[in-house]
1. Anything in the range 559-585 that is more than 12 Å from the ligand (Cβ to nearest atom) and of a type in the set (A, V, I, L, M, F, W, C)? List them, or say none.
2. For residues that are surrounded by 17 or more Cβ atoms within 10 Å (Cβ to Cβ) and at positive phi, scanning just the range 296-347, find the one that is nearest to the ligand (Cβ to nearest atom).
3. Within the range 443-473, can you find the residues that are under 24 Å from the mean Cα position of the chain (by Cα), farther than 16 Å from residue 566 by Cα and in contact (Cβ under 8 Å) with a residue 12 or more places away in the chain?
4. Please indicate, with yes or no, whether at least one residue in the range 504-524 is in a helix (DSSP H, G or I), assigned by TED's automatic domain parsing to the domain that holds residue 293 and open to solvent by 80 Å² or more (accessible area, probe 1.4 Å).
5. Hey, could you check the range 476-528 for residues that are touching a strand residue (DSSP E or B) at 6+ places or on another chain (Cβ under 6 Å) and hydroxyl-bearing (Ser, Thr, Tyr) and say which is nearest to residue 299 (Cα to Cα)?
6. Which members of the range 486-499 meet the condition of being in a helix (DSSP H, G or I) and either open to solvent by less than 70 Å² (accessible area, probe 1.4 Å) or in contact (Cβ under 8 Å) with a residue 40 or more places away in the chain (or both)?
7. Cβ-Cβ under 6 Å, sequence separation 6+ or interchain: first residue in the range 396-415 and within 15 Å of residue 311 (Cβ to Cβ) and open to solvent by less than 10 Å² (accessible area, probe 1.4 Å), partner within 11 Å of the ligand (Cβ to nearest atom) and small (Gly, Ala, Ser). Which pairs?
Amino acid sequence: MCGIVGYIGSENAAPVLHRALTRLEYRGYDSAGIATVFNGRVFVKKDSGRIEEIHKRLNLDDMPGGVGIAHTRWATHGGPSQANAHPHLDCSNSIAVVHNGVIENFLQLRKELTELNHVFKSKTDTEVIVHLVEEYHVRQGKPLLEAFLTALERIQGSYAVALISSNAAREILVARNDAPLAIGVGDGFNFISSDVTAFIEKTKRAVFLQNGEAAVVRADGYDIIKLATRGAVARKPVTLLWDIEMAEKHGYPHFTLKEIHEQPEALRNALRLQNIYVDLLTELLDRGRDIFLLGAGTSYHACLAGSYLFSKIARVATYPVVASEFVENYGASVNADTVILAVSQSGETADVLNALEHARLRAATILGITNTVGSTLTRISRAYVLQNSGPEIGVAATKTYTAQVLVLTQLALRLAKLRGKLAQFEMDEFKETLVNIPGIVEVVISRVEKPMREVAEKLVDKDVLLFLGRGVSSSTAAEARLKVMELSYIPCISYSAGESKHGPISIIDKGFPVFFIVPPDDDRKQNIGNIMEMKARGAMIIAVADENDDEVRELSDIFIGMPAVHPLLSPIPYVIPFQFLAYYLAILRGNDPDKPRNLAKSVTVL
Ligand code: M6R
C-alpha cells in the first residue's frame with residue numbers, strides 16, 4: 001500500500017503536496033517524492049526515508065509550479081532507495097508518474113520496452129507505466145490522454161495512478177483499478193488522492209473513481225472516462241462529514257477495525273504474487289529434506305495452518321515451530337539439507353532473526369514470507385515472497401494473518417503441482433476457490449460484525465474463554481485465542497477439539513463459554529461429538545460453522561453461519577468472527593484495541 005496525491009490550482013503545488021503527503025504517511029513511509037511542472041519542465045525531488053527527513057535534506061516545499069503529484073511509498077518491487085522512490089520519469093524527463101498497486105505483467109513489459117531502447121532507472125513495477133506512455137505519446141505521437149489510455153490497456157494488475165507532463169501543464173491524468181482513488185473538488189483547485197485525508201483540510205467535496213475509470217483533472221473541473229468504452233461518465237461530488245482524524249481511519253474509530261475491514265483488498269493483493277519468486281521459493285522448498293515453518297505469535301499460527309495445507313495439498317510434511325524455541329530444541333538437527341520458511345509480517349522479529357542466524361551458520365536454505373521490503377528477513381533470505389498487505393498499524397495482526405495464510409496456500413499448491421501430487425480437477429477446484437476468497441471474506445465481514453458484537457456484550461465479564469477446532473481449524477482456534485486475549489485481556493485457552501476430553505473438559509461448568517470452529521470438513525462429525533460432550537456439562541456453545549449446518553445450529557446456543565468455502569481455506573474466513581470478537585471485547589472493557597498494554601507491533605528483543 002502506498003499513498004498518492006496530486007494538486008492543480010493557483011497555489012504553489014509543492015508545499016500543498018508536502019502537507020498532504022504527511023497525511024498519507026500511514027499508507028507507507030519508506031520513501032517519498034514530489035514532481036511538479038513549470039515552464040515546460042518537470043521538476044522532481046525524491047528519496048528514501050520518512051517525509052520529514054527527506055524534507056530536511058531536500059526542502060520539498062521549494063519547487064515551482066501550480067500542478068504536481070506526490071507519493072509516499074511502501075515498497076513492493078525494489079527496496080527503499082532514491083531510484084525506486086516515486087515519481088518516476090520517462091527517458092525524455094517530460095512525463096512523471098506516481099502509482100499505488102502492483103503491476104503483474106511488469107517483467108514482460110519491461111523486457112519489451114527495453115528492446116525498444118527505453119532506459120529503466122529503478123527496479124519498480126511502476127516505471128513501465130511511464131515508459132509505455134512515453135512510447136505512445138513522445139515516440140509515436142499520440143495525444144497524451146490517448147497514450148495514457150492505451151498504456152493502461154497493456155497493464156495487468158492493480159493501480160491508482162497519476163501522471164503529469166511538461167506538455168500538459170493544466171491537467172493531471174489519473175486512473176484506478178483495484179486501488180482507491182478520489183478527486184477532491186475545490187473552488188478553482190482540485191486534488192487527486194488515494195484517500196480523502198490528503199485534501200479534507202482544503203475541501204470536503206469528493207468524487208470517488210470506480211474500478212476501470214480514468215479522469216482528466218484540471219483546476220476548474222474534471223472529466224471521468226470509462227476505460228472499457230472510453231465513454232464519458234457523469235458523477236457529482238459527495239460532501240464528506242469526516243474530520244481529519246476520522247478520515248485517517250476511513251471513518252472507523254480504530255485502525256484495528258479498519259484493518260479487519262481491509263481484508264478483501266489485502267487478500268486480492270496477496271493473490272498478486274510475482275510468479276518468478278513463488279516458483280523460486282517452491283523449487284527451493286522442494287529440495288529440502290526437512291522443512292521448518294518458523295514464526296512468532298500470529299505468524300506462527302499462519303505456520304501452523306501452513307503445515308496442514310502443505311500436508312493436505314502437497315502431501316509434504318513440514319514442522320511448524322515457534323521461533324523462540326528453535327535454536328535450543330531443533331538447532332542441532334539443522335544442516336545444508338534443511339529449508340526454513342520464515343513467516344514474519346515485520347521481518348524484524350528478534351526471535352525469528354535469531355533462529356535464522358543459527359540456521360544460516362549451519363548452511364540451511366532460508367526462505368521468507370513478509371510484508372516489509374528491505375526488512376532484515378528480506379536481506380537474509382535466499383528468496384522471499386511479499387504478501388503485499390500494506391502497513392498494519394494496529395498492534396494486533398489481522399489483515400496480515402489472513403494474507404499470510406493465503407500466500408502459504410499458494411505455495412502449497414505450487415509445490416503440489418511441482419511434485420505432481422494433485423489431479424488437474426483438484427488443482428482447478430482450488431484455484432477457483434482461491435480467486436473467490438476475497439469475495440467470501442467480504443460477505444463474512446458484512447455478516448458477522450453485528451452478531452459478534454452481541455456475543456462480546458454477552459461475554460464481556462467472563463473470566464476465561466475456550467476455543468476448540470480440529471485439523472486446520474486448530475490453527476484458527478489458536479489464533480482466535482491470541483487475538484481475543486491480547487485485545488480483551490481475558491485469559492483464553494485453545495485446544496485441538498479432540499484433546500478437549502483429555503483434560504480441558506474438567507474446567508467446564510454451567511454457562512462456561514466454549515467456541516467451536518466447525519467448517520464442513522472431514523473432522524465435522526467428531527467435532528459434533530465434542531460439542532455434545534461439552535453441552536452435556538452445561539457449556540455455552542458458540543459455533544462458527546457452515547450456514548447450512550443445521551445439526552450444529554441445533555446444538556449451539558449461539559450460531560454464526562458462514563458462507564460456503566473449501567474446507568482447507570476455512571482458516572481465512574473463519575478467523576474473522578474472532579477478530580471482531582477481540583475488537584468489541586476490547587472496546588467494551590475500555591481497552592485501546594490499537595495499542596494493547598505491554599505489547600509492541602514489532603518485538604525486536606529476544
Ligand atoms: O512481525 P511478525 O509477524 O514477526 O510478528 C510476530 C508477532 O510478534 C505478532 O504476530 C504478534 O503476536 C501480534 N501482536 C499478534 O496479533
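1. The answer is 559, 560, 562, 564, 565, 568, 569, 572, 576, 580, 581, 585.
2. 297
3. 445, 447, 448, 449, 452
4. yes
5. 476
6. 486, 487, 488, 497, 498
7. Filtered contacts from the range 396-415: 405/302.
To keep it simple, each residue is scored yes or no on (1) within 30 Å of residue 593 (Cα to Cα); (2) assigned to a helix (DSSP H, G or I).
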{"site": "435", "(1), (2)": "no, yes"}
{"site": "446", "(1), (2)": "yes, yes"}
{"site": "451", "(1), (2)": "yes, yes"}
{"site": "454", "(1), (2)": "yes, yes"}
{"site": "466", "(1), (2)": "yes, no"}
{"site": "482", "(1), (2)": "yes, yes"}
{"site": "501", "(1), (2)": "no, yes"}
{"site": "529", "(1), (2)": "no, yes"}
{"site": "534", "(1), (2)": "no, yes"}
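The values are calculated or read from the model by the stated rules, or taken from the named source; none is laboratory data. The shown structure was predicted, so the numbers you read here are calculated from the model rather than taken from an experiment. Don't worry about glycine lacking a Cβ; one is built from the backbone with ideal geometry, like all the others, and counts go over all protein chains shown. Each accessible area value is taken on the protein alone, full model and side chains, heavy atoms only, with ligands, DNA and RNA left out. Shrake-Rupley method; radii C 1.70, N 1.55, O 1.52, S 1.80 Å.
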